[in-house]
1. Please give the contour-minus-distance gain from I64 to W13: 0.36 nm per residue of separation, less the Cα-Cα distance, rounded to one decimal in nm.
2. Just to check, using Stokes-Einstein with a Kirkwood Rh over alpha carbon pairs, what's the diffusion coefficient of the range 27-79 at 4 °C and 1.567 mPa s in µm²/s?
Amino acid sequence: MAKRLIRLKAFPWAVLFEAGLIVRGRWRALSKRDRAQLVDLARRSHGWPGNLTPKERAELRRLILRIDIRGTAGELIALRRAARKAGRARVGHTASALRYISTFPRRGR
C-alpha cells in the first residue's frame, strides 16, 4: 500500500494536466455537431473502424483530420520530452545530494 502511495505522489500531475489541456483544446475546436457525430461513430464502431459502413468510415476519417491527430500527437510527445528532461535534472540533483549526505558521520552506529 505504501509503495502505491509513493508512486501516486511521484506521478507528474502537472504533465497530465497539460496533456488534458492539449486534448481539450483540440476537442473544442470541433463544432458541437461534429463532436456528437464523432462520439456516435466511436460508439458504433466499438473501437474498430471495420464495424462501420464505408460512408461512416469516410466521415470518421474527415472528423479525425479536423482534430489534426498528428498535431496533437506531436504536442503530446513534445510535452513528454520536456517532462523527461525536467525529471532527469531532478534525479541528478537528488543523486548528488545523496552522495553528499552519505559522507556525513552516522550517529548511534
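1. That pair, I64 and W13, stretches by 15.6 nm at full extension.
2. D, rounded to a whole number, is 110 µm²/s.
Any read-out appearing in this document is the output of simple, stated calculations on the displayed coordinates, not a laboratory observation. Fair warning: this is a prediction, and the values are worked out from it, not measured in the lab.
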